[in-house]
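Please treat every number below as a calculation from the coordinates, not as lab data. Everything numeric in this text was worked out from a predicted model, so none of it was measured. All Cβ positions, even for glycine, are placed from backbone atoms using ideal geometry, and neighbour counts span all protein chains on display.
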């Protein structure tokens, strides 16, 4: 499985962009357009966004779009805890 075939890699890049606020809270991402711009399958991008949803970083206001959620202290603590557990 190559890097562009791995939803975890895609999710990781979006996670970093959200945490560093390169993708600001409230931003709506059209998944069809984003997948086309990146040259990756829509299915792969949706898998990555599902990962981000479980992290509390995005929500799904529509079938083909996600919205970046406001980062809270609790979201960041939960995210740090989850990432730390994966490394153990």
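Note on the stretch 27-49: residues that are touching a residue at least 24 places away in the same chain (Cβ under 8 Å), assigned to a helix (DSSP H, G or I) and either within 17 Å of residue 78 (Cα to Cα) or within 12 Å of the chain's Cα centre (by Cα) (or both) total 6.
Restricting attention to the stretch 5-26, the residues that are in a helix (DSSP H, G or I) and touching a residue at least 40 places away in the same chain (Cβ under 8 Å) total 7. Inside the stretch 14-31, residues that are exposed (fewer than 12 other Cβ atoms within 10 Å of the Cβ) and in contact with a helix residue (DSSP H, G or I) (Cβ under 9 Å, 6 or more places away or on another chain) make up a count of 2. Kindly provide the set of residues from the stretch 50-71 that are assigned to a loop (DSSP other than H, G, I, E, B), in contact (Cβ under 8 Å) with a residue 12 or more places away in the chain and out of contact with any strand residue (DSSP E or B) (no Cβ under 6 Å at 6 or more places or on another chain), ordered by number. Within the stretch 50-71, 55, 56, 57, 64, 70, 71 qualify.
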